[in-house]
Amino acid sequence: MPEPLSEEEQEELRKELVKVEEEIQTLSQVLAAKEKHLAEIKRKLGISSLQELRENITKGWQDVTSTTAYKKTSETLSQAGQKASAAFSSVGSVITKKLEDVKNSPTFKSFEEKVENLKSKVGGGKPAGGDFGEVLNSAANASATETIAEQTQEETQ
């Protein structure tokens, strides 16, 4: 608790209070007059509120981008992006290797041989071989040809 003030101290503080309140009122009046003068100058120069807002936003953005926090965040995000890119590249490499392993596996080789045998049986006198895509296309075409031939035969009977 503050110590009780004497009558003289209280009177001095009351005078100071009145004086400070008067100064604040004077300063408020001066500020209002300055703001009015400023608005008049801007009106004469053709400066609109929208232009001011645009300039304030631009200045604010410049202030933000020059902060240490923004620079650190930007740098961190950039590094994270680089690491994510490297990780995706690594995953892609792993998947490619796994697919190559599957293609070279005995099970796949056996399947490929069966498809080639099917191709040679369906395709007639063509020699076995070619890449896997050609084999699949040939087998699909042969199957479709057989189906059409069967349908045509049924319709003529």
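With R₀ set to 30 Å, the beta-carbon distance separating SER120 from ILE95 gives a calculated FRET efficiency near 0.40. Residue order by solvent-accessible surface for GLU3, GLU21 is GLU3, GLU21, largest first, with ligands and nucleic acids left out and a 1.4 Å probe.
Taking the solvent-accessible surface of protein heavy atoms with a 1.4 Å probe, what is the per residue accessible area of segment 1-110 in Å²? Intermediate results must be reported in sequence, preceding the final value.
Values: 10140 Å² over 110 residues.
Ligands and nucleic acids excluded, the result is 92 Å² per residue.
Scaled to the compact-protein estimate 2.2 N^0.38 Å, what is the alpha-carbon radius of gyration of segment 12-95, rounded to two decimal places?
For segment 12-95, the normalised Cα radius of gyration is 2.28.
The HN-Hα couplings worked out from phi for segment 10-18 by the Karplus form 6.51 cos²θ - 1.76 cosθ + 1.60 (θ = phi - 60°) are 5, 5, 4, 5, 5, 5, 5, 4, 4 Hz, whole numbers, x standing for Gly and Pro. Computed from backbone phi with θ = phi - 60° and the Karplus coefficients 6.51, -1.76 and 1.60, the 3J(HN,Hα) list for segment 43-58 is 4, 5, 7, x, 7, 9, 5, 5, 4, 4, 4, 4, 5, 5, 5, 4 Hz; x is used for glycine and proline.
The values are calculated or read from the model by the stated rules, or taken from the named source; none is laboratory data. What you are looking at is a predicted structure, and each value in this text was computed from that prediction instead of being measured. All Cβ positions, glycine included, derive from the backbone under ideal geometry; neighbour counts span all protein chains shown. With ligands, DNA and RNA removed, areas are computed over all heavy atoms of the protein, side chains included. Shrake-Rupley method; radii C 1.70, N 1.55, O 1.52, S 1.80 Å.
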